[in-house]
């Protein structure tokens with residue numbers, strides 16, 4: 001009997017040991033059905049494992065209840081070898097669940113959220129965790145279709161060590177949703193995540209992280225955002241949009257991010273121990289302050305170029321008796337022990353206008369250090385700062401001093417042992433930080449590469465192309481991203497097919513002695529498709545063989561929405577005889593397309609019945625536009641019936657950056673006088689935020705038309721000579737002009 005009992009015990013322990021091994025390895029599932037069955041039968045301590053491979057169109061519903069000591073875990077067989085593609089998503093609901101190792105790529109969510117801590121309204125996740133997950137370029141084709149990558153509902157949840165890169169469409173990358181009482185005072189933690197490249201959306205709705213919304217902004221949230229790394233998060237000027245109360249932003253790094261950590265709504269929030277590193281990139285900013293008892297303490301700001309609402313420190317004016325979705329007065333703000341090194345703009349009472357008249361009150365700027373070795377004027381005061389106490393702040397002795405409220409000091413700046421520039425003082429002021437807590441090494445995952453999604457030219461092969469029929473078309477068709485098509489013969493490169501560019505490609509003359517001429521019998525010669533870009537150098541384009549179709553163009557974007565920004569660069573080129581019909585344009589774009597940059601240098605255009613650049617398809621007046629940077633330099637335009645440029649941004653939305661136009665050292669002769677020129681202008685800009693026109697000659701041309709709107713546009717005109725022309729038209733005189741003459745008279 002004892003022998004049988006002993007045998008039974010040995011057998012039982014063996015079974016338990018085997019079960020333990022199986023449980024530690026987990027239950028491997030290979031289909032969505034197997035996953036659903038495993039979830040249905042899951043008990044505390046279970047591990048569900050997705051098998052290696054591609055899970056296509058997988059909608060996972062992880063609804064279960066673990067315990068604090070024995071959570072239920074969803075993981076993968078091998079990290080990096082399980083991808084959820086197509087129309088895939090996961091919803092998490094229940095308690096004490098862990099999701100680990102998922103990779104979403106090559107697709108988009110079939111709903112509005114990729115990872116959601118919610119089954120349905122009122123059924124949320126609590127005490128759950130998403131860790132080491134990846135969402136990479138998981139976007140719908142429609143640029144303005146709004147989706148969220150991660151939405152936190154419920155309470156006491158955590159998102160950590162995730163890798164979130166290349167969001168291209170409208171919608172917040174990660175959001176804390178406070179839709180009802182079960183989602184407030186939530187104590188979420190968002191930490192050690194890598195928020196990578198997010199392209200400029202050119203519209204509102206491009207935040208990387210948002211906590212709350214204006215509707216619930218006076219409700220308490222109590223989320224902690226710490227130790228995250230934000231790199232090139234350029235979606236809009238609110239990198240983080242705080243719209244709730246009681247949140248903490250601690251030890252995060254913002255590296256070359258256009259925009260700011262913005263206390264847009266909500267009270268009693270704290271930003272502490274953060275690094276803002278601009279590296280002199282345009283529009284890089286720090287912290288923007290609105291509302292009550294918000295703090296920015298012991299932060300480091302370096303080489304930030306942003307101005308107005310994107311300054312290194314921006315303290316806003318409010319609206320008296322503000323509606324919940326406008327601007328509440330800054331009251332009780334504390335801005336202490338921060339260090340600012342080579343930051344171009346500190347903005348106080350920003351946004352002051354006829355509506356925003358409530359100045360900051362009961363606030364203090366204390367124990368900060370301000371240093372700049374290239375500028376002497378970094379402070380801009382838009383209104384009365386009587387409600388701000390300035391105490392024990394040091395500024396470089398070359399800087400302008402706000403009503404003598406700070407202490408000018410000869411500051412020496414040296415790089416510390418980690419390479420960060422620190423002003424040396426013995427006053428016990430400024431930040432105590434030596435290096436960022438969050439780095440690319442300790443955020444995100446270590447098994448998925450951190451790469452920027454920026455479009456790159458001239459990084460591939462050099463492909464030689466001879467003159468002839470469709471030789472260039474065939475070369476483009478066989479090219480890959482970054483390839484250079486070298487035109488090695490003088491003569492005609494003729495195409496009877498439209499060339500669609502789905503990746504960046506360069507087309508260049510092989511040398512200055514070779515004179516290639518590109519001709520086409522199609523209405524569109526080059527069409528930049530989603531993901532594409534075009535660089536032209538040293539070639540001639542002739543439109544004589546183009547068909548007689550109204551609306552011809554040499555270069556166009558896709559006719560449909562593009563969720564990937566493009567670049568078009570052109571240098572040392574000649575464009576002639578776009579005259580087979582009455583409206584032959586050079587560059588034409590379509591709605592919901594966005595250029596990061598359009599650059600034309602050292603080019604000659606003549607005999608063109610349409611326009612050179614039509615960048616005017618966003619006419620809904622919502623602050624959306626078609627190109628961020630437009631540069632035209634050292635170029636000549638002759639006998640152009642339309643406009644050299646029609647650049648349009650309408651509306652009053654303040655969430656975007658541009659557009660920015662630089663027109664320098666150009667000559668216009670007989671431009672803009674065609675009967676079909678709708679603007680009646682040779683140059684037409686509407687709502688351009690930075691408009692720099694210099695060394696310009698215009699003869700026998702229609703108007704130089706400047707329509708300035710939205711915020712504080714910067715318009716500088718210098719060394720402009722206009723003769724036998726209609727002159728300059730503008731809606732107000734809020735621009736700077738020097739050495740500008742119109743038909744022999746100086747512009748005053």
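Of the candidates 530, 552, the single residue that is closer than 19 Å to residue 625 by Cα and in contact (Cβ under 8 Å) with a residue 40 or more places away in the chain is 530. Applying the set (1) surrounded by fewer than 24 Cβ atoms within 10 Å (Cβ to Cβ); (2) modelled with pLDDT under 95; (3) more than 20 Å from the chain's Cα centre (by Cα) to residue 266 leaves exactly one unmet item: (1). Residues in region 422-445 that are under 26 Å from residue 192 (Cβ atoms) and either over 32 Å from the mean Cα position of the chain (by Cα) or part of a strand (DSSP E or B) (or both): 422 alone.
Here residue 379 meets each of (1) buried (at least 23 other Cβ atoms within 10 Å of the Cβ); (2) in contact with a helix residue (DSSP H, G or I) (Cβ under 6 Å, 6 or more places away or on another chain) with one exception, condition (1). Taken over region 53-73, the criterion of being in contact with a strand residue (DSSP E or B) (Cβ under 6 Å, 6 or more places away or on another chain), farther than 17 Å from residue 157 by Cβ and in a loop (DSSP other than H, G, I, E, B) is satisfied by 57, 58. Residues in region 616-637 that are outside any loop (DSSP other than H, G, I, E, B) and under 21 Å from the mean Cα position of the chain (by Cα) were compared, and the one that is surrounded by the fewest Cβ atoms within 10 Å (Cβ to Cβ) is 631. Taking the criterion of being assigned to a loop (DSSP other than H, G, I, E, B) and loosely packed, with under 15 Cβ neighbours inside 10 Å, would at least one residue in region 521-529 satisfy it? Yes, there is a match, as at least one residue in region 521-529 is assigned to a loop (DSSP other than H, G, I, E, B) and loosely packed, with under 15 Cβ neighbours inside 10 Å.
Residue-by-condition table, conditions (1) surrounded by fewer than 19 Cβ atoms within 10 Å (Cβ to Cβ); (2) in a loop (DSSP other than H, G, I, E, B):
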site	(1), (2)
556	no, no
569	yes, no
581	yes, yes
598	no, no
606	yes, no
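If you filter region 399-416 down to residues that are under 34 Å from the mean Cα position of the chain (by Cα) and not in a strand (DSSP E or B), you find that the one that is farthest from residue 380 (Cα to Cα) is 416.
Using the structure shown, decide if residue 729 is part of a strand (DSSP E or B), more than 18 Å from residue 613 (Cα to Cα) and modelled with pLDDT under 95. Yes, satisfied.
Applying a threshold of 7 Å to beta carbon distances and a minimum spacing of six or more residues, or different chains, the list of pairs starting in region 686-713 at a residue that is on the phi > 0 side of the Ramachandran plot and free of Cβ contacts under 8 Å to residues at least 40 places away in the same chain and ending at one that is part of a loop (DSSP other than H, G, I, E, B) and surrounded by fewer than 18 Cβ atoms within 10 Å (Cβ to Cβ) reads 700/724. Of note, residue 419 does not satisfy the criterion of being assigned to a loop (DSSP other than H, G, I, E, B), on the phi > 0 side of the Ramachandran plot and crowded, with 17+ Cβ neighbours inside 10 Å.
Only residues that are touching a helix residue (DSSP H, G or I) at 6+ places or on another chain (Cβ under 8 Å) and either under 25 Å from residue 687 (Cβ atoms) or not in a strand (DSSP E or B) (or both) were counted in region 223-251, giving 2. Residues in region 298-327 that are surrounded by fewer than 23 Cβ atoms within 10 Å (Cβ to Cβ), more than 28 Å from residue 279 (Cβ to Cβ) and out of contact with any helix residue (DSSP H, G or I) (no Cβ under 8 Å at 6 or more places or on another chain): 319, 320, 321, 322, 323, 326, 327. Please tell me if residue 527 is modelled with pLDDT under 95 and in contact with a strand residue (DSSP E or B) (Cβ under 9 Å, 6 or more places away or on another chain). It is false that residue 527 is modelled with pLDDT under 95 and in contact with a strand residue (DSSP E or B) (Cβ under 9 Å, 6 or more places away or on another chain).
Out of all the residues in region 138-153, is one or more at positive phi and touching a residue at least 40 places away in the same chain (Cβ under 8 Å)? Among the residues of region 138-153, not one is at positive phi and touching a residue at least 40 places away in the same chain (Cβ under 8 Å), which makes the answer no. Within region 727-748, being surrounded by 15 or more Cβ atoms within 10 Å (Cβ to Cβ) and either over 39 Å from the mean Cα position of the chain (by Cα) or free of Cβ contacts under 8 Å to residues at least 12 places away in the same chain (or both) holds for one residue alone: 742. Evaluated against (1) modelled with pLDDT of 95 or more; (2) farther than 20 Å from residue 558 by Cβ; (3) surrounded by 15 or more Cβ atoms within 10 Å (Cβ to Cβ), residue 506 falls short on exactly one condition, (2).
Which members of region 202-222 meet the condition of being assigned to a loop (DSSP other than H, G, I, E, B), in contact (Cβ under 8 Å) with a residue 60 or more places away in the chain and touching a strand residue (DSSP E or B) at 6+ places or on another chain (Cβ under 6 Å)? Hit for region 202-222 is 217, nothing else. State whether one or more residues within region 649-671 are under 21 Å from residue 638 (Cβ atoms) and assigned to a loop (DSSP other than H, G, I, E, B). Within region 649-671 (the criterion being under 21 Å from residue 638 (Cβ atoms) and assigned to a loop (DSSP other than H, G, I, E, B)), the answer is no, since none of the residues qualifies.
Quick check, is residue 231 free of Cβ contacts under 8 Å to residues at least 60 places away in the same chain, in contact with a strand residue (DSSP E or B) (Cβ under 8 Å, 6 or more places away or on another chain) and surrounded by fewer than 23 Cβ atoms within 10 Å (Cβ to Cβ)? No.
Within region 154-169, the set of residues being closer than 16 Å to residue 232 by Cα and either assigned to a strand (DSSP E or B) or without any contact (Cβ under 8 Å) to a residue 40 or more places away in the chain (or both) comprises 163, 164, 165, 167. Do the conditions hold for residue 674, that is, is it within 30 Å of residue 262 (Cβ to Cβ) and either touching a helix residue (DSSP H, G or I) at 6+ places or on another chain (Cβ under 6 Å) or not in a strand (DSSP E or B) (or both)? When the stated conditions are applied, residue 674 does not pass them. Are any of the residues in region 651-670 closer than 25 Å to residue 621 by Cα, over 31 Å from the mean Cα position of the chain (by Cα) and in contact (Cβ under 8 Å) with a residue 60 or more places away in the chain? No, region 651-670 has no match at all. Would you confirm, using the coordinates I've provided, whether residue 456 is surrounded by fewer than 19 Cβ atoms within 10 Å (Cβ to Cβ), more than 33 Å from the chain's Cα centre (by Cα), modelled with pLDDT under 95 and part of a loop (DSSP other than H, G, I, E, B)? Judged against the criteria, residue 456 is not a match.
The values are calculated or read from the model by the stated rules, or taken from the named source; none is laboratory data. Owing to the predicted nature of the structure, the values given are computational and were not obtained by experimental measurement. All Cβ positions, even for glycine, are placed from backbone atoms using ideal geometry, and neighbour counts span all protein chains on display.
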